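Asks: Have a look at this one.
Only the coordinates and a few stated rules stand behind these numbers; no lab work does. Keep in mind it's a predicted model, so treat the numbers as computed, not measured. For neighbour counting, all protein chains shown are included, and Cβ atoms are generated from backbone atoms with ideal geometry for every residue, glycine included.
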Amino acid sequence: MSVRAIDPNWPSAGEWLAGEHAAKTIGTLTMLGAPVGLGSLSGGRCDLAPQAIRAALACYSTYDVEFGRDLRALAVHDCGDLKIADLRPEQAAAPIREAVSKAVRHSAAVVILGGDNSITYPAAKSATGLLTFDAHFDLRALDNGLTNGNPIRALLADGFPGGQIVQIGIQSFANSRAYADVARQAGITFITLEQVRLRGIENVTAEALTQLSNSGDFIYVDFDLDVLDRTFAPAASGSRPGGLAPWELRRAARLCGLHPRVRAIDLVEIDPTRDVADTTSLAAAACLLSFTSGLHQRLRG
C-alpha cells in the first residue's frame with residue numbers, strides 16, 4: 001500500500017518518480033540507470049543499486065520544508081535501466097556515453113543511478129568540469145582495463161584536463177602516496193576530509209563549483225557513497241569510519257542542483273546486498289532529492 005493511499009496529503013517521491021507531478025511544470029529531470037558491476041574491485045552487486053535507490057524514494061515526500069520547494073513542479077522522465085548489467089565496464093562505456101549525451105540535450109539535468117564508479121568515465125566524458133565527492137582518488141593504473149578504481153585515471157588518459165577536476169572528501173589512510181602524486185602532477189584540486197571539517201562542506205563545495213565554472217558550461221558531479229561515514233553507508237564497500245554525514249552530502253547536493261552549469265550527476269558504489277536497513281540507499285535517495293530541490297530553485301530563478 002502506498003503512502004498516498006494512507007494519507008492523500010502526503011505525496012511520496014516514489015509516486016513523483018512514477019509520473020505524478022504538477023499540472024504545469026518548470027522543467028524535466030531525466031533519470032537513467034547504469035547497472036554496471038562486473039569487474040568491480042570490491043566485487044558485490046552494484047548492478048542492483050538503481051532499483052534500490054528508486055525503491056528508497058518511496059520513503060520520502062516531495063516537499064523540502066527548509067526551502068519551501070515541492071519537487072512535483074518538476075517532471076521526471078525515468079528512462080529505466082540500460083541493458084548493460086551483463087557487460088564489463090569497457091563494453092558498457094559506449095551505451096552510457098550515448099545515453100547521457102542524449103539526455104543532457106533534452107532535460108534540465110540528468111541523474112545517473114550506478115552501478116559502480118566505472119560509469120563516471122563514460123558519463124563525464126563530454127563534460128568540461130568534474131567534481132567528485134569520494135573518499136578515493138580513483139587513479140589506479142589502467143593495466144587491467146577500466147574498473148571502479150580508475151575512472152579519473154581513464155579520463156586523464158583520454159585528455160581530460162586535471163586542472164578541471166576537483167575532488168572533495170579524500171580520506172587519509174584510504175589512499176596511497178603514489179596516487180596522491182598522480183593527482184598533484186595532473187593538476188587535480190583535492191580537498192581532504194580534514195579540510196572539509198575545518199572549512200565546512202558548503203564553503204568547499206561553493207568554491208569548487210566556482211573554480212570549475214571557468215572550465216566551460218557542463219559540470220558533471222560524481223557522488224560516490226563511500227565518501228560517507230561507514231555507519232551511514234554500509235553498502236559502500238570503500239566507506240570508512242569518519243567520513244561525511246548524510247546531511248553534509250545533502251547540503252552539497254543542493255548547491256550542485258542550484259548551480260546553472262551542473263548538468264548531470266551520478267550516485268555510485270552501492271551494493272544493496274550489503275546494506276543494513278536500506279541505510280545507504282536511503283542516503284542516496286535523499287542526496288538525489290536535495291539535488292532536485294536545488295534544481296527547482298535554479299529553474300524558478
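Asks: Which of the GluC sites (Glu not before Pro) found in segment 1-92 are in a DSSP loop and have at most 16 neighbouring Cβ atoms, other than their own, within 10 Å?
Replies: Those that pass, being in a loop and sparsely packed, are Glu20, Glu66.
Asks: Roughly how many whole Å is it from the C-alpha centroid of segment 255-271 to that of segment 215-250?
Replies: Using only Cα atoms, the two centres lie 11 Å from each other.
Asks: Taking the alpha-carbon centroid of each part, what is the distance from segment 117-188 to segment 272-300 in angstrom?
Replies: 23
Asks: Within the chain, which is the longest segment that contains none of the trypsin sites (Lys or Arg not before Pro) sitting in a DSSP loop with at most 14 other Cβ atoms within 10 Å?
Replies: Result, exposed sites excluded: 84-301.
Asks: From the square roots a ≥ b ≥ c of the eigenvalues of the alpha-carbon gyration tensor of segment 3-300, which class results: rounded (a/c under 1.5), prolate (a/b over b/c), or oblate?
Replies: Because its axes are fairly even, with a/c under 1.5, segment 3-300 counts as rounded.
Asks: So, one more: What residues of segment 188-225 lie in the reach of a label at Glu66, counting those whose backbone N is under 16 Å from a point 7 Å from the Cα along Cα→Cβ?
Replies: Counting only backbone N, you get 200-206.
Asks: With a ≥ b ≥ c taken as the square roots of the eigenvalues of the C-alpha gyration tensor of segment 151-255, please select rounded if a/c is under 1.5 and otherwise prolate if a/b is larger than b/c or oblate if it is not?
Replies: Oblate shape, in that a/c is at least 1.5 and b/c is the bigger or equal ratio.
Asks: What 222 nm value per residue comes from the helices of the chain, counting each DSSP H run with n ≥ 4 as -39,500 (n - 2.57) and dividing by all residues, nearest 500 deg cm²/dmol?
Replies: So the helix-based figure for the chain works out to -11000 deg cm²/dmol.
Asks: I want to make sure I understand the PRE zone here: with the label point 7 angstrom from the Cα of Gln195 toward its beta carbon, which residues in segment 236-258 have backbone N atoms less than 17 Å away?
Replies: Counting only backbone N, you get 244.
Asks: Give the residue list of chymotrypsin sites (Phe, Trp or Tyr not before Pro) in segment 2-108 that are DSSP loop and have at most 15 other beta-carbon atoms within 10 angstrom.
Replies: Filter output for segment 2-108: Phe67.
Asks: Also: Calculate one ³J(HN,Hα) per residue across segment 239-247 by plugging θ = phi - 60° into the Karplus curve 6.51 cos²θ - 1.76 cosθ + 1.60, and present them in order as whole Hz with x for glycine and proline.
Replies: Along segment 239-247, the couplings run 5, 9, x, x, x, 5, 8, x, 5 Hz.
Asks: Return the long-range amide H neighbours of Gly27 (sequence gap of 5 or more, or a different chain), with a cut-off of under 5 Å between placed amide H atoms.
Replies: Amide H neighbours of Gly27: Ala75.
Asks: Taking θ as phi - 60°, what are the ³J(HN,Hα) couplings along segment 263-280 by the Karplus curve (6.51, -1.76, 1.60), each to the nearest whole Hz, with x for Gly and Pro?
Replies: With the stated coefficients, segment 263-280 comes to 9, 8, 9, 10, 10, 9, 6, 10, 10, x, 6, 9, 6, 10, 6, 6, 4, 6 Hz.
Asks: Which whole-Hz ³J(HN,Hα) couplings does segment 44-50 yield from phi under the Karplus relation 6.51 cos²θ - 1.76 cosθ + 1.60, θ = phi - 60°, glycine and proline marked x?
Replies: Result, ordered by residue: x, 10, 5, 5, 8, 5, x Hz.
Asks: Enumerate the amide H contacts of Val36 below 5 Å, restricted to partners 5 or more residues apart or on another chain; note that Pro and chain-start residues carry no placed amide H.
Replies: When sequence neighbours closer than 5 places are left aside, the close amide H contacts are Gly115, Asp116.
Asks: Something else now. Under a 5 Å amide H to amide H cut-off, with H placed in plane at 1.01 Å, what residues pair with Gly243 once short-range neighbours are removed?
Replies: Correct list: Asp229, Arg230.
Asks: What ranking do Leu299, Leu228 get, fewest neighbouring Cβ atoms within 10 angstrom at the top?
Replies: Listing Leu299, Leu228 from fewest to most nearby Cβ atoms yields Leu299, Leu228.
Asks: Which of the chymotrypsin sites (Phe, Trp or Tyr not before Pro) found in segment 170-272 are in a DSSP loop and have at most 11 neighbouring Cβ atoms, other than their own, within 10 Å?
Replies: Here the chymotrypsin sites (Phe, Trp or Tyr not before Pro) that fit, given the DSSP loop and packing criteria, are Phe173.
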